[in-house]
Every structure is written in C-alpha cells, then in structure tokens.
Amino acid sequence: MLNRRQFSQTLAGLAAASLPSQAQAAPDWGGPVVDCHHHLRRTPEANIVHLDGCGVSNAMALTRANSAEQIAALKQKYPGRLLGWFASADITKPEAEAILTKAIKDGAIGFGELKFHVEAAGPELRRMYALAGELDVPILVHFQEVPHTPTEGVFATGFKNFEAMLKAYPKTKFIGHADAFWANVSSDYANDVDYPKGKVKRGGVTDKLLGDYGNLYGDLAANSGNNALSRDPEFTPGFLKRHESKLIYGSDCACSDGKGGGISQGGNPGASRLAGKCVARETLTLLKNTVSPTAFKRLTWENAHRVYRLKA
Ligand SMILES: [Zn+2]
Ligand SMILES: [Zn+2]
C-alpha cells in the first residue's frame, strides 16, 4: 500500500508523464472564441478540423452569395459551431446588388469579404456601402495597395482617404481588413510595401479613423493584422485598449488542421513569417499575452456578437 507521500509522488509522476499528449492538444483560450474571418471550406468536416485544431469554439464564415445550402449542411452536421455568414459577389457586375440582397434574405448577416480591383471610393464599392447601410448589415472590405505577386493586382485602393466614405455613409458599418488597413496604423505608411516592419509612428490613419468614427471597425485577421500587432510591442497594448470595443477577432487562416499544416500562406511570399503556423493560434496567443481577460473576451467574442448580431 502507498502512504500519502508515495501516493502524491505517483500522482506527480502521472501528471508529468501525460505532458507530451497535453502539449499536442488544442489550446484552451479560457472561454468561447469566434473566428470571424473563416473562409468557408470545401466540406463541413474541413471547417471543424481547423476550428478544433486551434481550440476555437465557433466561426463566422465568409462565403460566396450562393452558399446557403453549404451553410445549411454545416449547421445541420455540427449544430452550434457556425454563428453566421457573410456573402460576397462580383461587385463589378450590375447584378451584384440583387445577388447580395437575396443572400441577406437567405440568411447572410453581412457583405464580405469584398476583395476587388476597384477604388475604395469608386462607384462599385459606393453602391455596396449604400446597400449595406440600407439593409443594415456590416460590410467587410479588403484594402491592399501593393500586389503580393507580379500578377495579383491591388484591391479597394485609396484607404488613406477613406474618411470621406465614413462621412458619406454614416449608417453603414464598415469593417476594415487587410494590408493597407493595417499598414496605416503607422502614419509613415507610403503604400510602398505590403507588411511594414519596425516601430509604428503614432497618428496613423487607421488609428485615427477608428477613434473618430463610430461606423468603422477593424478585423484583426490575417498576416496583416498579426503583423501590425507584432511589429512594435510598445504600440500594441495602447492600440488594443483604445479600440477595445471596435476590433473583432478573425484568422483568415488557410492552414488545414489548426496547427499550421498544409499550405498556410500560399501565394503570399510577404507573409512567410507565418508560413507553417496557424494564424488563428498566433493572433489569439498575441492577444492573450497582451490584454486582460475581460478585453480578450470583448475582442474574441462580445464585439462580434454586438456588431454582427451573431446567433447560432
Ligand atoms: Zn482578405
Ligand atoms: Zn490555421
């Protein structure tokens, strides 16, 4: 028979022996987390493999406008995991408004992501800003001034002048995302590189607009979001504090398993810092290490529920 001391030594030994398998397990983020930049994957299972792999309880999916059936299948097979979906359609086509209006009728809760080779203040996106305001749904736009590859092109250009859009469409809830949105946390961004490094020069357009306009929110997803929050540790805590109620967690991660497997930054050489890593995990770890548990919950759960009106 074991005496008390031997018994507790045995327990300690068991705990130590089980460490390797615990290290393999998905991280525990201390509560539910919703990934609001989850591109819908081919099969219901593939979505869940990623969520489970990175310990994320729920997703808000970005899809094409005609994805209602795929969404229904996912919801049926994995009840409660998907809290909503945004729809996208080719906004350069005249039928875009009708298609997106129908998607909202079919259950989509927002527009996005809208990633097209147009100007941020051009007629195509202006029509969408107006429609999103009319239908009272958020609109998520990919802003990018520098191509990642010779053939990629640029998207929703001219973010530095986006204040005019925030003024022109006061009822529209804008969600900023991608390279130019995040590079502009620094006031010295010159539309010259995709992911600027080094110290952030205070007073950047993004920081200012998030502070000044109640109708602009920020999507923390992708290498762009992670890079902006990683480049200057003196900048990040204050930025997250200032905009604690305006920032919404998402991953935009393309890894297959929630552990960095598969091709996680394909076709994007500038994002190689996150190659082989799961963006969902990386950004959650960064947030967890930077903000209080209350703020973490806001960024990863509450803000999305309020701004996107999520429901299972
Ligand atoms: Zn994007
Ligand atoms: Zn991942």
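The values are calculated or read from the model by the stated rules, or taken from the named source; none is laboratory data. This structure is a prediction, so every number in the text was calculated from the model and none was measured. All Cβ positions, even for glycine, are placed from backbone atoms using ideal geometry, and neighbour counts span all protein chains on display.
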Criterion first (away from ligand 2 (no atom under 16 Å from the Cβ), β-branched (Val, Ile, Thr), buried (at least 17 other Cβ atoms within 10 Å of the Cβ) and more than 27 Å from Lys201 (Cα to Cα)) does Val291 satisfy it? no
Hand me the list of helices (runs of 4 or more DSSP H) wholly inside region 39-151 holding 2 or more residues that are more than 16 Å from ligand 2 (Cβ to nearest atom), over 17 Å from the mean Cα position of the chain (by Cα) and over 22 Å from Leu310 (Cα atoms). 96-105, 123-135
Report yes if some residue within region 1-15 is of a type in the set (Ser, Thr, Tyr) and modelled with pLDDT of 95 or more; otherwise report no. no
Please indicate, with yes or no, whether at least one residue in region 301-312 is within 16 Å of ligand 2 (Cβ to nearest atom), under 18 Å from the mean Cα position of the chain (by Cα) and in contact (Cβ under 8 Å) with a residue 12 or more places away in the chain. no
In region 183-193, is there at least one residue being crowded, with 22+ Cβ neighbours inside 10 Å and within 16 Å of the chain's Cα centre (by Cα)? yes
Among the listed residues Gly225, Gly266, Gly218, Gly258, which satisfies the condition of being at positive phi and either touching a Gly at 6+ places or on another chain (Cβ under 8 Å) or within 16 Å of ligand 2 (Cβ to nearest atom) (or both)? Gly258
